[in-house]
Structures are given as C-alpha cells and as structure tokens.
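Reading through the structure tokens given below for one structure.
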Number of protein chains: 4
Amino acid sequence: MSRKPDLRVGMIGTGFMGKAHAFGFAAAPKVFDLGQDVVLDMVADVTEEAAAKAARAYGFERATTDWREIVADPAIDIVSITAPNALHKEMSLAAIAAGKHVYCEKPLAPLAVDAAEMTAEAEAAGVKTQVGFNYLCNPMLALAREMIAAGELGEILGYRGIHAEDYMADPASPFTFRHDPEGGGALADLGSHALATAEYLVGPISEVMGDCVTMIGTRSGRRVEVDDVGRAFLRFENGASGSIEGNWISTGRKMQHDFEVYGTKGALCFTQERLNELHHFDAGLPVGRQGFRRIEAGPANPPYGQFIAAAGHQIGFNDLKTIEVAGYIRAISGAEPEPFNFRAGLRIQTLVETIQASSRERFWRAI
Amino acid sequence: MSRKPDLRVGMIGTGFMGKAHAFGFAAAPKVFDLGQDVVLDMVADVTEEAAAKAARAYGFERATTDWREIVADPAIDIVSITAPNALHKEMSLAAIAAGKHVYCEKPLAPLAVDAAEMTAEAEAAGVKTQVGFNYLCNPMLALAREMIAAGELGEILGYRGIHAEDYMADPASPFTFRHDPEGGGALADLGSHALATAEYLVGPISEVMGDCVTMIGTRSGRRVEVDDVGRAFLRFENGASGSIEGNWISTGRKMQHDFEVYGTKGALCFTQERLNELHHFDAGLPVGRQGFRRIEAGPANPPYGQFIAAAGHQIGFNDLKTIEVAGYIRAISGAEPEPFNFRAGLRIQTLVETIQASSRERFWRAI
Amino acid sequence: MSRKPDLRVGMIGTGFMGKAHAFGFAAAPKVFDLGQDVVLDMVADVTEEAAAKAARAYGFERATTDWREIVADPAIDIVSITAPNALHKEMSLAAIAAGKHVYCEKPLAPLAVDAAEMTAEAEAAGVKTQVGFNYLCNPMLALAREMIAAGELGEILGYRGIHAEDYMADPASPFTFRHDPEGGGALADLGSHALATAEYLVGPISEVMGDCVTMIGTRSGRRVEVDDVGRAFLRFENGASGSIEGNWISTGRKMQHDFEVYGTKGALCFTQERLNELHHFDAGLPVGRQGFRRIEAGPANPPYGQFIAAAGHQIGFNDLKTIEVAGYIRAISGAEPEPFNFRAGLRIQTLVETIQASSRERFWRAI
Amino acid sequence: MSRKPDLRVGMIGTGFMGKAHAFGFAAAPKVFDLGQDVVLDMVADVTEEAAAKAARAYGFERATTDWREIVADPAIDIVSITAPNALHKEMSLAAIAAGKHVYCEKPLAPLAVDAAEMTAEAEAAGVKTQVGFNYLCNPMLALAREMIAAGELGEILGYRGIHAEDYMADPASPFTFRHDPEGGGALADLGSHALATAEYLVGPISEVMGDCVTMIGTRSGRRVEVDDVGRAFLRFENGASGSIEGNWISTGRKMQHDFEVYGTKGALCFTQERLNELHHFDAGLPVGRQGFRRIEAGPANPPYGQFIAAAGHQIGFNDLKTIEVAGYIRAISGAEPEPFNFRAGLRIQTLVETIQASSRERFWRAI
C-alpha cells in the first residue's frame, strides 16, 4: 500500500504526560502498520533548558520556549497539549484556528462551558481532536464492551465502577493546584475515568445523584473545597442502574480503576490493578461448572497481538497510550472515527459537573 | 469450675435456618468451654411428620405441632424462632411474656415499629435476646474492628460495603414472599448485613441517602414493588463517609459480603467469598515493601483456635453460627453482654427503613 | 426408613485430633441422614484428670485411664485411636482382635511392615477400618476426580502436588518426636497427603525418584536425621508423569495442600488455602473466552448441601472431618465401601518408604 | 553531559523476536537517559520483500538479503541476531570476528560446546555480548534478589521454580523444528528461564537430578524425542535445595514463569502471570498481622520509574525487553557490566545439558 506523508507533531509541555505522548507517537508507527510515519518535530517548555532537554530525551528535532511558535508553524500537523489544565483552552483554540489537529490531555478545561467552546470550534474547523482517556484503550475493555453489546450478559441489571488512588491520602501532603476549586477534585480527576468507562460499557447515563465530600479540610494551612471522594448513583438510558466513585484518599490503592457489570445471563469483573485480565461469569454453563473465569489478554483481543504474539505475556500502561495514539493517527488519516474526541471529553465534564451540582443540591439531576 | 445447669432449647421452625440453629446449639458446648450444656428439648413444625423428622434428624427429645406448647413449657429456657418473618413478633412476644430467652432470626419483624415493641418487651422482662447476624461472628471481622479501634488505620476516611448474591437474578424465577412489600427487598434482606458490618467496624451511621431500585418489575405475572438493589451513601458519626449496597440480582455472586475501609494510616479489604482472609495495607511500612497483606485466620484470631489448633486451615459458614450461639449462651449465663440483641436488630431495621424513605423522597435523611 | 441401632464409640487420646474425632462423631449424624445415631461412650487418656475433662468437654459418657478397658468393653462398636503414632499398632491389633471397627489417625504405624500386619489382621477379622486422610473428603476434590474420570480434561499429561506448612521452619524450634527417625519427617507427615491426593485424582503411581533433604540439621543440640523437605518425581500407571513435595519449613505457609493437573483438553488447579474453590480451564471454549474458572463449592458438589443450602458460603476444615466420619459410618452399616481403610493407609506408607529409599539410593524405584 | 556517538544496529531476522529487538532499540534511548542514541541501520531477511517490509515497519534505514553485509559493514556497531537457533553460531562468530558487539537470542547454540566456543571468541575479541533472558529484567525480580541478598529472608531453605506454557499441549499440533533433538525440548526452551531465575535469586546450582519426559511421542506422524516436560531437583552452592520444571504442555498456561523462595525469616512468591507483583511474607511481623503481602511495582523498584511516574500502573512484557536493551547499551558504553552475556548464556546451556544427561542416566550429576 502507498505510504501517506509523515505526520509532524508539535508538543507543548514536557512533564510526565509529555513523556507519555512523545513515547506514544514514537511507538505507535512501529507497533502498528499505520501506513504513515510520525515525526517528532518541535517541543515547547517554559525554559530553554527544559525544552532542549526534552527534545534530546524524547527525540524532537526542534525546541522552543514559545508554544505559539508550534501553533504557527505550517510544517506541524498535530499539536499535543500536556501543559497545565488552565492553559488547555487558549492553546487548543489557537491550534484549532491554525488548522491543526489537537490532542489535549484531560480535562479539556476546568469548566464544561469552556470545553463546549473548544468542541464547537474544533468541529467547525474540521480538525481531528483527541482527549487522553487511555484506560478505554485496553483490549480487555474492548472485549467487555463487545460481550455486552453482543448480549452475552443478557439485559444489564447493575453496574459498579470506581477509580481510587491514594496520592492525596496523607493529610500532611501539601496544597496543590489540584485543591483549587478550578482543579476539580477527585470526581473530576479520577471519577471522570470511572464515568468514561461506565458509558463506554453500558451506554449513556441519563440521571445522577452525587455525593462529593471533602474529608481533609485543610492542607498546608489552607482550606480545601474540592472533594476527596465523589460518589454517584447512576441511571442509564437502557434502564440499568449503578454507581461510581472517584477517590484520591484510598490509602494503598495505586490504580483501582475497577468495574463490575451484572446482567441476566452473566457478569464481568475487572480491575486495572491487573489490567490484562477480565473475569467473566457465564450463567449458561451447567450448574457445578460455573464460576468467574479469568480471561487473559492475548492476540484474540486486538490490538494486543500488535505488541506480543503470545497470550498472557501482558501489555503495560504505556502500551495503552500507544494504542490511543494509533487510533488518533488512523482517525486523522480518515480510516476510523476519532476514538475519544473533544465532544467525548465535553460529555465527561458535563457528567462531572452535573454530579457536583446534584451533590450540592442533595437531589437527583438529569443529564 | 462448677458446671451450671443445662439450658433447654425449644425451636420453632425446621427449615434451613432451623438446621443451622440446632447444629449451633449442639456444637457450641463441644467447641467452647461454656461451663454448661445445652439440651435440644422440643421442636415445633406445622405437621407432625415434619416435627418428628426434625426431632430425629437434629436430636430434639420432643416434637410438637403447636409452638405455643414450647412457649408454655416451664422446662424450656430458650426459644429459638426460625419460622416465617411474619410470625416473629407474635412468637417472640409470647415467649418473652413466658420469661423465655429468645433467639430470633432476622429480620425481627417486617416493620421497625414492631421490632421496637419486641425490643421494649424483652428489655422490660429482662430476658436475653439474640438476632441472627452471624457474619459479624467472623474472627477476621473482630480483627478488623480491633485494628480500627486501636488506631492502626489512623483516622477513617472512607468505607465501601456490599452484600450481593444472585438468587433473584433470573427474571424467570417466581414471585415469592420475599417480593411482597412486607418481604422487604434486597436492602432489607442483604443490605441489612452490609449495614450491620459497617456500624460494627466504623461506628454509628448518622445520615443516609438511599437508592432502592426494582429492576425486574414483574415476576410470575405479578408486579414487584420491592427493591432488587438498595444502595446508600453514608455519613458516620465519627466524620467518615461511605456507601453500602444490598443486591440480590448480581449474577454469579453467591456470597459477596465485602468491605473496604480506608484510613490515613492504612486500609483493610475483605470478602466473605474468602471468609478466612483479611487484607491489610500498612502505610507505616517502608515504601517499596508496602502492599496489601493477606492475613489468614488462625489461633491469634479468637475464637478460631477453639475450632482448629493451626492457622490457615479455615473455619466455615456453620462455624460462624456456632460462635454466635456460644456468645448468646455466655450472655445468658451473665458472663458477657448479648452479642447482637433485639435492640441491635431494631437498629438495623431503622437504618433500612430510613434508607428506603430517603430513596422514595430522593433526598438525604438523618437517622 | 427403619433406624439402625446406635453405634457406640470409644476414643483413645484426647489431643487436637481427639477433639476433631469427637466433634466429627457428634456432628455427622446431625448433618447427614445416616439412619443411625452415634453415642460417645468412653474416652481414655493417661491421667484421670485429662480423661474426665475430655469426657465432659466432648460429651463422652464414661472416662478411663486404661485404653484396654475400651477395647474390652462389649458395648463399644468403634475404637477411635488418636494416641501417639508409636502406639497405633498395639492398640489397633487389640481392638481388631476384640472385633471392633477401628478408626486410626495417620500414619497407621511408623513402618509399612507394621501397617501391613495391621491391614492383614483387620481384613481377616472383617472389621471396618478408617485412616484419617480428611483432605480427600473435600467436595471440590470429588469434583476434580469426577471431571478427570469423565475425560473432561482429556488425557492427563502432567501433575504437580504439594503439601507445605511452616511449623518446623524456625531453626530454634525444639527437637520433638517428629524429628526421630521413627517420626518420619516431612515426606511422611505432609508429603503423604500430597501422595494420597495424587493417586485419588490420577490413579496409581508406578515409579518414583525421591529427594529427601534435612535442611536444619540440629535442633535443641540434637542431630536431626529426618527430612525437612521430601520431593519426588512420579510416574503413574496411566502414563502421566508428575511431582510432589512435602515440606514443613515453608515459612508463611499454613496449609499449602495444592495441586495442578494438566490434560490435553483442560486443566485443574486447587489450593487448600482456599478449600472451597476449584479452578478449571476448559480448552473447548472458544479462544478469547478461555481462562481458569473459579468454581465455588455449592450444593452441586455433594455433600456440601448437607451443610449449607446455598453455594459460596464455604465449609471449613472441621466439616471435612465430619464428611470423613459420615463415610465411615455408612461403611460400617454396609451402605458403602470404606472411604480410606487400612489398606489405603498402607499404600501411602509404602509410597513414602519407596521414595525415602529412592532418595537414599539416588535412583528411581518401582512401587 | 556530553553525548556519545550514536550506536548503529544491524539486525538479522525479522520475526517476533526481531520486532521485539527493533522495538527495544527504539524505545530504550527514549525511556532511559543513556547519553547516546541508537540508530536502526540495516536489517536482513531471506527475501527482499521481507527485509524491505521489516525495514519500513521497524524503521531501519537499509535492508538486505545477505546477513554478511551487516557483519561486514564498518558503520555497524551492534549485530542483533534473531535468526533460527541453528544459525546463531555462524553469525555470531562472523560478527565477533568483525569486531561487532553481538546480541543473540537464546539459546546461543543447540549445544553447550558451541556456546562455549562463541563465548571464548567473544571474550578474546573483547566485544560486548548479550543473550535474551528478559524475564530477569523485571524490577520485581531485582527486588527479590536484593531482599534475598540483604538477608531479609534469612537463610534460604527451599526454592521452587517453573516455566510452563501450553503451546505444545495439543497432540494434534504439528511437528516443528522445536521437536528436533537439536531444538532442545521444553527444558531447553522454557526450563532454561526457570534455571536462570533460580541462579539469579539463590546463586549457583551445584548438583542436579533431571527428569525429562516426552509425553506426546508422535506429532505429524513423526517420532518426537525431545522432552515435553523437564524437571530437576537442585542443590545450590549455599546449601539450599529446590526444584524447577520446564513444561510446554500445560494446557491453559500462557506465562507461568513462577517462583517461591522460602527462608528462615520470610518468603517470596511470584508469578509472571502478574509480572508487576511480588508477594512477601515477613516472619518478623507480629503473629496475627503476618501474611503474604502483595507488593506492586512502582518507582521504588528501578527502573520502573523510567516508564511510569506512579506505582501500580504496570509495565508490560515489551518493557522488559527495553530494560534489557538499555542495560546492554550501558554495558557497551562501559558504564556497567554486561547484564547477561554469552558466558551467562553458556552457563544456562550447561545446566540444561547436565540435567538432560542426569535424566538419561537416572542419577544425580554435579555441574
């Protein structure tokens, strides 16, 4: 097949997520047969030293301290934004205005109203967008979704989702930007992933009842107003009910992005702590042979086979990012729809804000 | 030590729980050094055949078809009630009036108002009472409670409890007495256990927000009004927040009585599916050596050692009943307070009804 | 059905296994419908105090300091021997000579030659015998055996068995009778269980290569000659090959009686640490849906349902003893063959001694 | 720091392991700060089409059908050999003669005598060598080794290792090069990994007793002589004893590279099926708080933190290859010793052949 011209990437921000983006762009064309290459062209950070270091470390050809240079450069096709959340909107709008495809880390912006503006502009400009929700890129989640959609679980009766970590569990840990009301809190930061997974698997949520709680009220002598725990009861459009929780004070939990789905014919359980396993209960098996079956990821679960030829060897967290980037590149080339575009990101923020409002009002809210 | 006179038991009802009671009364004095024996004296069931069969199978000396005979017999010290829920009140009040100690299966009565009357009468009469909440008799729950009380987890930040089974998951399963509004639903039947465990570990609940849902609206052609899933957000008096769920349509789950407790210094996880294990995360261990530690039940966890001299061999569900009975007998002899008396049972029913009311009103409720 | 006359039990020895025997005899007729009752008649221990205490605690009608009194008493049907191993032979032969049924704890005797004599005498006398191998009484092992026998795993290709605990892992723990050459060592004490399970599941072993190692050579200043670890390669008559290990210095292991069986069509895994679970891999399921399935014990796995009416609630270690006793009582009544008689116990001792000899000779040995 | 000149790689073979090598060389300099870059220069395969396709897919600058061209090219620093085992020796010797560093997939050669020649030549030439044993690159194995070396487990009393998969479990699967006597069998193919891990953790093995068994004697109508299962009893120089097994007919197992190590003060358990977890039992904790603790890989376990900034997110199988390549590059630059050079590979083959000989002779053998 004929090769498409290279895609040239400009990246703003060089922290943890910057490394992940750079790595994903480097790996995706090697792991997948995308029909076109990706060139890491220019990287921006606030100091010359940081930018130069990142360029060298991650393999960008050029470095800059002015992110607008990336946006303005006609050679660049994709702008990857891993800068602080408060800057996502300005950067995205500038990049969209310049006709670039935009890959923005979550959340799109602190407020849904801003995310809506970004979405509208991107759609008007016809550029391809992507928001970083890489847990959804797990082949085992694809399997779960496929099994649910195919009716293997029967009618869905119940759902429980959670995303819990412990990076804010120590009351002595300092006040950070994440504790600003604009930072969003645990529901926005982690519960958003639980919500994305819930809708990915079971479909649209129609109504919520929120319970957002600040458990550690003071950090570094400052009052904290954002939630440490954000819970919600859920109603889905298809009639199912369920719950989710986002929690960043769960001592001992490093990656508890879990779900359980129960249907009339079967059930599925998953924990991101063992991201290569999906546990399936099939009520159709004979009594006495039933049980939760630990399905290990393998080539039968695309795109696992792009990484490893044999089942059970396990992909890792960074491989999920590679899958995410590959999907985005295929979307840019027109081969597939965008895996998780700005509109999808906006949807999650709308869910988060509705749950937060419901919690304040102590009453249910429709989406 | 001098032996106390034998305690003579009369039992009403001979089904599954009847067998469990009879077995518990037979086993407790053999497993524990209670200082007195228990005699299975008389058993009542509705037919002569059933009563006689149960007497022979479980070892009762006498059988009757009239439960009032048991209540009236001056030889009998304890009346054990395992008859249908709707009869608990009448039988308990009669037994209390006759000065008997009463051991009643849960729920005490379909309505808290009735449970309150039973409690008041028992307390006025000075008899010893017991309600069957045997999950609380697990040595690993005692360990969890002790660790929390001793501050090993620091300040409690979050709680998640569940009791899910699947005996109502099949939409084709018939309408039964449990689907009557008086039957109570999943919250009353199973969520009550989750609530009991929550308060056992973390202390009194002060406020709730309920979400009770009927997922299978029609069974055997009849409309079902009770909940298949009962969820609640919780506030505890000590400032902790959490959630519980009772669910009888969780396909594949046979005994998911689970909890997770998170504190500033550690965490505990438990599932009744593996009732001899408690998983403990100790944030005080050095980074790089931390992790959830699977503590196996052993003689260090009383009264495990009464059953088995070596750790890790595992007690079973019926042993929990034996522990429950032993505690009740010690309470009757005055050696210890009642483990879970009518007032404790009333408390659970009050929690259940408050959650149900909150769900109807779609608003929070104080207890 | 007409009831048979009561069986009267005399028990020699009142330690841990004595309690287990007494409890099993008390529980079995209540849990199972055996058609006859068991009476705990007389118990013997070396001091009057110990005998009297055991009689009271376990419910025996009479106590004695002379075990020969039990053997001689015409009222007694069954003699239960839980005295030290060195006495098993003398007591068993006396009881057999008196026409009693004999239930002897393992090992039958320190040497296979003695066990052979006991077996021959019992068979000549026509009494029913039983040796305590209660791990085999697990409903999940019955399921495993049934699945293998029915061909659900295809042809058996490999087996791994182990029984590891840690009660000798501390080098400072004192020299005991178990460290005497007559005591047998880890292979005899624990490996014997692994061997019994291996033959129970896969059939007769035909050839072995042993590796018995003393790791802690001195205890309490005395030289230890028995093995702390006893390993063996195995050949089965059906062509399968495998290995077992008995190990009493496995720090942290309390009950690692595990096996894995691999066949051309499937596999089974089990650990006694979670004795209510059997994990099954079915290679006949579609690729992408395969995995080890955690089957939880339930009423579909007899005789689980005699203990608990619902699956997943879990039986315990003592319940295995109750199952063992019930099987023995049914054998005495003629309803079933003996579950694990003296000949079966002799077989295990022959395997143990052959492995020990092979280890000394550093060469394979046929059984 | 000053950058070193780029390292230029020539790769022979483009199959599964070829992709893994190419990916490792591309990723290592991005993930690690190696101080020098790696250029994928030339790739060789037997057909022009295969070579060109691999060049494009993996990002090599040049393609060739003559592997000698790679060896002869003065621009190339490293020759990566992923061709069939039978060619490893010729290619390696040619590359060494040309002064190249050589990275050869395992096994170095079908026979230890050939591996010895390769090792001698490489050492004489002073080139840096590497054999692909990437399971050893797991941060959790490094932790295990460090804990053992630091005495956290006390004196080592026992070891059990296994590497089992199921790619030969189906008797209908065809005869392949792996079934040739030169192919080596399960012990050589998989048991070699178990041996490498055993020595990595516990130190040199001094004596072995082998049990190599062909279970499926005919494939595609041809007689199979290599083992399907290779077991060994082990003695270590430090006095510990243990066992390993290599097995390619373990139906359902995809990556059972497991070990258990028991010492006087603690124990470790690991399964490659969950490669980010190490389970640790610490006998120094108080009784009642002891248990196997699930340590999740995190930045405290170098070089995990090079991949992901937060614990518990999990690295994957391919990341192990990246770690392996990074270690090799550091060795080439002189910063560190070779992680697993030809001499280490030769050691493993010697162990394998000694076990095979022991199995044939049915007697123990010293190494």
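The values are calculated or read from the model by the stated rules, or taken from the named source; none is laboratory data. Owing to the predicted nature of the structure, the values given are computational and were not obtained by experimental measurement. So basically every Cβ, Gly included, is an ideal-geometry build from the backbone, and we count neighbours across all protein chains shown. Ligands, DNA and RNA are excluded from the accessible area calculation, which covers all protein heavy atoms including side chains. Shrake-Rupley method; radii C 1.70, N 1.55, O 1.52, S 1.80 Å.
Here are some notes:
- Projected label distance in nm at B:Asp6 and B:Glu123, using a 7 Å step from Cα toward the beta-carbon: 3.5
- In sequence order, calculated HN-Hα J values of region A:213-222 (Karplus, 6.51, -1.76, 1.60; Hz; x Gly/Pro): 10, 8, 8, 10, x, 9, 9, 6, x, 9
- Cut-off 14 Å between beta-carbons: net charge of the residues surrounding B:Cys212, Lys and Arg +1, Asp and Glu -1: -3
- Residue and whole-Å distance for the chain B Cβ lying nearest the axis of the B-onto-C rotation are B:Gly316, 1.
- Legend: mean number of C-beta atoms from other chains within 10 angstrom of residue C-beta atoms, peptide B:292-303, equals 5.
- Each copy carries B:Arg223; placing its label point 7 Å along the C-beta direction from Cα gives inter-copy distances of 4.9, 8.0, 8.8 nm, listed from smallest up.
- Comparing Cα centroids, region A:85-110 and region A:119-139 end up 11 angstrom apart.
- For a modelled paramagnetic label at D:Val113, 7 Å from Cα along Cα-to-Cβ, the residues of region D:49-89 in reach, with backbone nitrogen under 16 Å, are D:89.
- Ranking A:Arg160, D:Arg68 by solvent-accessible area of protein heavy atoms (1.4 Å probe, all protein chains present), from largest to smallest, gives D:Arg68, A:Arg160.
- Inter-probe distance in nm under a simple model that places probes 7 Å from Cα toward Cβ, at B:Ala366 and D:Lys53: 7.4
- Around the amide H of D:Val224, modelled in the peptide plane, lie the amide H atoms of D:Thr218, D:Arg219, all under 5 Å away and 5 or more residues distant in sequence or on another chain.
- Whole-Å distance, taken between Cα centres, linking region D:343-367 and region D:160-195: 16
- Per-residue average of Cβ from other chains inside 10 Å of A:312-325: 6
- Equivalent ellipsoid semi-axes - Cα gyration tensor, the protein assembly as shown, angstrom: 57, 45, 25
- Percent carbon-and-sulfur accessible area, the protein assembly as shown, ignoring ligands, DNA and RNA, probe 1.4 Å: 51
- Position C:Glu69: other-copy label points at 4.0, 9.9, 10.2 nm, ordered by increasing distance, label point 7 Å along Cα→C-beta.
- Orientation-averaged projection of region C:7-133 equals 7.2 nm² [convex hull of Cα atoms, one quarter of hull surface area].
- The residues D:Leu195, D:Leu346, sorted by heavy-atom accessible surface at 1.4 Å with ligands and nucleic acids left out, run D:Leu346, D:Leu195 from largest to smallest.
- Cross-link partners of C:Lys265 among lysines (Cα-Cα below 16 Å; sequence separation of 8 or more within a chain): D:Lys254
- Distances in nm from B:Pro5 to the matching label points in the other copies, shortest first (labels 7 Å along Cα to Cβ): 3.6, 10.3, 10.4
- Cα centroid separation, region A:26-77 to region B:226-289 (Å): 45
- Kirkwood hydrodynamic radius (C-alpha pairs) into Stokes-Einstein, chain D, 4 °C and 1.567 mPa s, D in µm²/s: 61
- Three-way shape call for region B:143-301 based on the alpha-carbon gyration tensor, with the a/c threshold at 1.5: prolate
- Fraction of beta bridges assigned by DSSP in chain C that are antiparallel (%, nearest 5): 60
- For a label point 7 Å along the Cα-to-beta-carbon line of B:Ser173, residues of region B:124-164 with backbone N under 19 Å: B:162-164
- Average beta-carbon neighbours from other chains, 10 Å sphere, peptide A:245-251: 5
- The lysines whose alpha-carbon is closer than 27 Å to the alpha-carbon of C:Lys89, local same-chain residues fewer than 8 away aside, are C:Lys19, C:Lys53, C:Lys100, C:Lys106, C:Lys128, C:Lys321.
- Applying the Karplus relation 6.51 cos²θ - 1.76 cosθ + 1.60 with θ = phi - 60° to region A:158-169 yields 3J(HN,Hα) values of x, 9, 10, x, 8, 9, 10, 9, 10, 6, 10, 6 Hz, where x marks Gly and Pro.
- Pair C:Glu61, A:Gln36: separation of 7 Å Cα→Cβ label points (nm): 9.4
- For C:Ala283, the residues whose amide H sits under 5 Å from its own are C:Gly266, C:Ala267, ignoring neighbours fewer than 5 places away on the same chain, with H placed 1.01 Å from N.
- The B-A contact accounts for approximately 3500 Å² of buried accessible area, totalled over both chains at a 1.4 Å probe radius.
- With every protein chain in place and a 1.4 angstrom probe, the accessible-area ranking of C:Val127, D:Val113, largest first, reads D:Val113, C:Val127.
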